[in-house]
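First the structure, in the form of structure tokens, and then the observations on it.
The values are calculated or read from the model by the stated rules, or taken from the named source; none is laboratory data. Computed from a predicted structure; not experimentally measured. Positions of Cβ are backbone-derived with ideal geometry, glycine not excepted, and every protein chain shown enters the neighbour counts.
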Amino acid sequence: MREEILDDFGNSESPYAFEEIAERLIYEGYELRIGFYISRAFEVFQRNIGGFIGFGLVILAINVALTFIPIIGSFATTIINAPLGIGWAIVTGKIIREEPFEFGDFFKGFDLFSPLALGALVSGVLIMIGIFILIIPGIYLVVGYMWVSLIIYYGKQEFWPAMEYSRKIISKNWISFFGFAIVLLLLNMAGAIIFGIGLLVTIPVSYIAMYLSYVDIVESME
């Protein structure tokens with residue numbers, strides 16, 4: 001499995017600082033391999049089916065519980081989902097590098113709670129403003145901010161630089177990322193058809209695929 005997954009993404013240990021890599025990507029561009037990431041995401045998912053589904057159920061339970069909190073429920077959901085969301089990537093990273101992992105690793109995003117929560121909150125506000133003013137700017141930002149949490153956690157950036165790096169890097173190949181987002185949306189729509197049960201597979205696969213795109217483009221850059 002290592003040869004099938006990790007080797008396809010280079011050594012995943014770039015010798016360059018994130019800022020240098022980001023500037024090169026913005027200037028030189030890159031290739032986005034949508035089908036490749038999704039197919040590999042299903043392979044990774046199969047390596048830890050119980051863990052990924054279990055974590056998905058935990059997130060579902062937390063979100064359902066938060067909806068019963070008056071006034072601040074939706075706000076709390078946004079804040080909590082940011083560090084939870086990066087958990088898919090953390091465990092995926094360990095799987096593709098064949099490192100030992102445990103269920104608690106899904107929650108390691110809380111080590112960077114503040115920047116992840118701020119990144120989700122501020123980007124969410126800007127997206128809503130963009131949609132309110134004119135739908136197109138909102139769509140642009142939804143796609144442009146797809147890597148914010150990944151850059152905060154793996155690029156070791158604060159929330160605002162992470163938002164800007166995500167937007168600028170993705171804007172270099174925005175149409176392809178828009179297509180990526182559409183494919184993931186369709187995948188999850190398909191997962192929702194059977195009473196939503198399929199979402200326990202398609203949501204983890206979507207997060208895994210997004211992380212693999214980051215590894216392929218950023219971490220494997222020579």
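Quick notes on this structure:
- Scope region 115-158; condition in contact with a helix residue (DSSP H, G or I) (Cβ under 6 Å, 6 or more places away or on another chain), outside any helix (DSSP H, G or I) and either on the phi > 0 side of the Ramachandran plot or without any contact (Cβ under 8 Å) to a residue 60 or more places away in the chain (or both); matching residues: TYR145, GLU158
- Under the condition of being free of Cβ contacts under 8 Å to residues at least 24 places away in the same chain and outside any loop (DSSP other than H, G, I, E, B), the residues counted in region 194-222 number 1.
- Residue that is surrounded by the fewest Cβ atoms within 10 Å (Cβ to Cβ) [pool: residues in region 31-71 that are at pLDDT below 95 and assigned to a loop (DSSP other than H, G, I, E, B)]: PRO70
- Filter result (surrounded by fewer than 15 Cβ atoms within 10 Å (Cβ to Cβ) and aromatic (Phe, Trp, Tyr)) within region 111-152: PHE113, PHE132
- Reported count of residues in region 52-68, each being of a type in the set (A, V, I, L, M, F, W, C), in contact with a helix residue (DSSP H, G or I) (Cβ under 6 Å, 6 or more places away or on another chain) and free of Cβ contacts under 8 Å to residues at least 60 places away in the same chain, is 2.
- Each residue in region 64-95 was checked for being out of contact with any Asp or Glu (no Cβ under 9 Å at 6 or more places or on another chain) and under 16 Å from PRO204 (Cα atoms), and 9 of them qualify.
- Leading residue by the ranking (modelled with the lowest pLDDT) among those in region 72-85 that are touching a helix residue (DSSP H, G or I) at 6+ places or on another chain (Cβ under 7 Å) and over 29 Å from PHE178 (Cβ atoms): GLY73
- Being surrounded by fewer than 18 Cβ atoms within 10 Å (Cβ to Cβ), modelled with pLDDT of 95 or more and among the aliphatic types (A, V, I, L, M) holds for only one residue in ILE175, ILE95, and it is ILE175.
- Residue selected from region 175-222 under the condition among the aromatic types (Phe, Trp, Tyr) and within 13 Å of ARG33 (Cα to Cα), by the criterion farthest from the chain's Cα centre (by Cα): PHE178
- Residues satisfying the stated conditions in region 159-193, i.e. part of a helix (DSSP H, G or I) and of a type in the set (D, E, K, R): GLU164, ARG167, LYS168
- Selection from region 72-100 of residues that are in contact (Cβ under 8 Å) with a residue 12 or more places away in the chain and outside any helix (DSSP H, G or I): ARG97, GLU98
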